[in-house]
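As structure tokens, the structure follows; a few thoughts come after it.
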Amino acid sequence: MRRVLQLTLVLTLVALGTDVLYAQGFNRFGSFNSFSSGTSSFSDRGGSGFQSFSRRTRFSRMPRMYGDSLRTAKATFSDDFSGAVSGLPIRAPVAIADNTSPIPQHRVYFLFQNFHNAIDSDLSSISGSARTRTDDLNRYTLGVERTFIDDLASIEFRLPLTGTSVPNMNDTAGTAVIETAVLSSITAVLKGVLWSDVDSVFVGGVGIDFAIGGSDVQVNLGPANASLESNGVDFAPYIGYATSLGENAFLQSFLSVNLPTSSDDVIVTGGLENKIRRQETLTANLSGGMWLARFSEPAMVTGIAALLELHYTTSLGGTERPTGDGLASFDIHYSRFNTLNLTTGLHFEINTATAVRFGAVAPLRDGSDRQFDVELQASLNHYL
């Protein structure tokens, strides 16, 4: 929590410094319409119902949600003679709200996320003394979103790349070796406007996550070893809502359910293969924010906004364990979880066409409901 507060303070000071730097030509709490691209404010279709968002500056420039991303069961690999590793980066449910908005947008982006202390390792059982360690998990996501049908719908593709800072954990009695896949799946998100008026929009859609194949994670605990491979396609139907609360405040929300279509493969020492059922999850996301300042061009920074979010995810089943033989001493399971995370961030709009964003996520629960100590985010979005 201290790191979250420190990051928020630094970002706030940066915002205030930028405020002073661009005081000339400053348009504080000004109209969103001053950033129109020159087209009409919205297409005339009776003043309500479906409207073109490319011509509605209030919507097209609304900052996206940050999200909290690492919503997954803690996969635990443990052996009676070697030790245990938990919190491994297995294939997670589709995170609909990550760096996105209910509003269809035409953009490309890069998102970096660092999850501090996301992986726990324990060799105490073979060393005879306390031998534990926590490690970070990094995720790099490349994405593109393309609108169509007069900006009433969009399709987004995400390419999440995972990296870990987990060196081999050596001990005189044994070694823990963790290897993770760089890419385990590719995600597509379809979005369509169901209803809208001048200030609000209601959307629906589905996220589709395709497994790439190969091992998501491999763990060697002394003489024992196991690997986990995800399969099939996950579907995540969702609904979303966004509204402008006056000229400067805004509210966004998502509600989604993740539905796996297949089980994961578990391969343990000796090549014995088993199945473990992937968990269904329910996720609710709520985000509120406000433009702190708007600047007139030709200033480089044309807007600064602050966001505060709450994200809740629960698994819809109990603890999952593999079915099959060969796991007498090797326990592998997905624990049930109910995560509640708080997200805060600052959004910097550059020349109305690019957004640079910094955020931090703090878990509000402990135990299996706490999947990391703090998450730090940085992203670059460019509108096309």
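The values are calculated or read from the model by the stated rules, or taken from the named source; none is laboratory data. Given the structure is predicted, the values throughout are model-derived calculations rather than measurements. Glycine also receives a Cβ, built like all others from the backbone with ideal geometry; neighbour counts cover every protein chain displayed.
Taking the residues in segment 149-184 that are crowded, with 21+ Cβ neighbours inside 10 Å and among the small types (G, A, S) as candidates, determine which candidate is modelled with the lowest pLDDT.
G174
Look through segment 355-383, keep the residues that are among the basic types (K, R) and out of contact with any Gly (no Cβ under 7 Å at 6 or more places or on another chain), and return whichever of them is surrounded by the most Cβ atoms within 10 Å (Cβ to Cβ).
Applying the filter and picking the extreme gives R370.
Of everything in segment 186-213, what is surrounded by fewer than 18 Cβ atoms within 10 Å (Cβ to Cβ), at pLDDT below 95 and either under 23 Å from the mean Cα position of the chain (by Cα) or part of a strand (DSSP E or B) (or both)? Give them in sequence order.
I186, W195, S200, F210, I212, G213
Exactly one condition in (1) farther than 23 Å from N351 by Cβ; (2) modelled with pLDDT of 95 or more is false for G289; which is it?
(1)
Failed condition for L282, given (1) of a type in the set (A, V, I, L, M); (2) in contact with a Phe, Trp or Tyr (Cβ under 9 Å, 6 or more places away or on another chain); (3) over 13 Å from A95 (Cα atoms), with all others met?
(3)
Can you tell me how many residues in segment 336-356 are out of contact with any Leu (no Cβ under 7 Å at 6 or more places or on another chain) and farther than 12 Å from T302 by Cα?
Of the residues in that region, 5 qualify.
Being modelled with pLDDT of 80 or more, closer than 25 Å to V219 by Cβ and not aliphatic (A, V, I, L, M) is the requirement here; does D373 meet it?
yes
Kindly indicate the residue of segment 294-337 that is within 21 Å of D369 (Cα to Cα) and of a type in the set (A, V, I, L, M) and also modelled with the lowest pLDDT among those meeting that condition.
I332
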